[in-house]
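These notes concern the structure reproduced below.
The values are calculated or read from the model by the stated rules, or taken from the named source; none is laboratory data. As the structure is a prediction and not an experimental result, all values here were calculated from the model. FYI the Cβ positions are ideal-geometry reconstructions off the backbone, even for glycines, and counts take in every protein chain you see. When the accessible area is computed, the model is the full protein with side chains, heavy atoms only, and any ligands, DNA or RNA have been set aside. Shrake-Rupley method; radii C 1.70, N 1.55, O 1.52, S 1.80 Å.
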Amino acid sequence: MSERKYSPLMPLALAILLAALVAHPSAAQDGAATDSLQVWQPEVLPELVHFVDAEYPPSVLKAGIEGTVLLELLVTAEGQVDSVVVVESLEPALDAAAMAAATKFVFTPAMAGGEPVPVFVQFAYEFSVREQARRTAEFVNLRGRVRERGTRDPIADAVIAVSFPDSTSDASIAVPWHLHLETIGGFDGQYLEADRLVAFTDSVGVFEFKSLPSGPVRIQCPTAGYEPFVTREVLNPEELLEVELWLNPTRTNDYEIVVYGRAEHTEVTRQRLSVMEVEKLPGFGGDVIKSVQALPGVARPTVSDPGAIVIRGSGSYDTRYFLDGIDIPLLFHYGGVKSTYNSLALESVDMYPGGFGTKYGSAIGGIVELTGRSPRDDRWHFTGDVSLLDATIHAEGPLGKGWSALFSARRSYVGEILDAALRGVDDLNLTMAPYYWDTVARLEWDGGPDQQLFLTAFAAKDRLDLIFPEEDEGSREVNEATDQISMDLLFSRYILGWDRNFAHGLSNSLRASYGTNREEGHIFGYFDFESTGPSWQLRDNLAWEINDRLTPNIGIDALDVPIDYAVKVQGHRSSIVAENF
């Protein structure tokens, strides 16, 4: 951040005077004449032995302000900095940062007459934006292969140019945009050309770019002998994006056969929505999971089950839901008003309408997979949200030594609002008491790029009571509440996850879960049911990436869900049925 520039020869008279006072303190105390003082000049000047980097204020760094702050330091006989004064100012925030760092400097003491003495020194603290830019981490986050369409041959020495339509998309870039591009343009294998980065494919058609900013990117491949190729992709923070580019050749030969037919159709097998994308979708209130209903291939919810996910015309019971690889029974609270998993704790939601692998077995209609978000570890964040339906509290932050935590809780008060609205209606003899709640807690340990451990606790409950005070239907032997219709659903999941990357492309993903499922309800005194049971699940996947085209996987998926049903019907005997899935 700065160069260590200081001059111990500034005001020499002050240094000599201080040295003299230390050598003969009695002369100054007794008020003796100045000609009786023996004035000594320091024979040994102080040397800086412990330097402290000043903190570059983010707003000043982003603005590209740099230069030198000239400081005057009083170095004590012990080599400590006693006081700091700005001699030449640069910018108030940089002045304060330089002074704060300089107070922590340590020097060797100046020597006069064989004894340590205090002296004044000058220190030029230099702030450099380019030096900050040079600290940019070097990592590969875009890799691809270029092939010729038709022959599938790799294209060597093809030009790949990457440009950035939105220079403000990555808020984590601390330095001005042009300096960031200039820095990563100097990384090995890529260079800066105007406002874009350029690289070349190797002998097998592979190219890669390092430390590209997250956000939208425009990839061009202007290669001689092939039609111009342009595509747009989105880079996510701390993720590697791999692409396959197919170029159409423009040259022909006497042995080439041209076949005319239908244009190639690309089948969509996965669609992902991030939290930032969903915030821009109208009609969903920022609810990431609910927005799945707007994706292609998903039908509108039915009247009987407005919270259902109907994919490609299949039944809602043919679709499975996962949270971090673990089955969950329900995505939405009653009526599909809100999702059971709070979007504040969500990283992304993936929908697979078809073509999913064997790890998503026992599903016919499709897959909806939720991925929990890692807690922020910069500082503690607190959020509160109140709407007409519910209220939410959310907190997340660091715990120290790589640990961080996240907590979110939500509770509706729809029942209280409906009760207050209907209380004054005399001709309506009905009381409605619906409500729901859900909570998420996540504890995570970050072991670096090769290891991550987390524990998630997730629970949700829905309850609906319709009370008819003047009714008395059915038998009290079935249910005591013969004046109401009730439905109650509760489930929970405790998920332990461990992801580990070993050497030689070997990686493992482990998920272990325990949870409970409970559903009960009744219709007056005619019908009563209760369904309860635990849920145990173990999933493990071991992958070995031999090369970019071959990655064998081996895994286990064990699920044990014993369920007890208790059913009462007026006029029939009670029955209990136990099943195991």
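Points to keep in mind about this one:
- The phi-based Karplus calculation (6.51 cos²θ - 1.76 cosθ + 1.60; θ = phi - 60°) puts the 3J(HN,Hα) values of the stretch 369-384 at 10, 9, 10, x, 8, 6, x, 5, 10, 7, 6, 7, 10, 10, 9, x Hz, whole numbers, x for Gly and Pro.
- Shown here for the stretch 55-140: trypsin sites (Lys or Arg not before Pro) in loop regions (DSSP other than H, G, I, E, B) with at most 14 other Cβ atoms within 10 Å, namely Lys104, Arg134, Arg135.
- Heavy-atom accessible surface of Trp177, to the nearest 10 Å², is about 70 Å², with a 1.4 Å probe and all protein chains retained.
- Values of log10 I(q)/I(0), in the order q = 0.14, 0.19 Å⁻¹, for the stretch 411-546 under a Debye, Cα-only, solvent-free model: -0.79, -1.09
- Remark: the Glu239-Glu47 segment gains 64.5 nm on full extension, using 0.36 nm per residue and subtracting the alpha carbon distance.
- Legend: residues Phe529, Phe200, Phe458, sorted from most to least accessible area (1.4 Å probe; ligands, DNA and RNA excluded), read Phe200, Phe529, Phe458.
- Amide H contacts of Tyr565 (H built 1.01 Å from N, under 5 Å, at least 5 apart or other chain): Val577, Ala578, Glu579
- In the complete set of protein chains, residue-level accessible area for Glu242 is approximately 110 Å², probe 1.4 angstrom.
- For the stretch 457-546, applying the loop criterion from DSSP together with a ceiling of 13 other beta carbons within 10 Å to the trypsin sites (Lys or Arg not before Pro) yields Arg476.
- Approximate shape of the stretch 42-153 as ellipsoid semi-axes (Cα gyration tensor, √5λ), whole Å, largest first: 47, 18, 9
- A convex hull fitted around the alpha carbon atoms of the stretch 68-109 yields 56 Å³ per residue.
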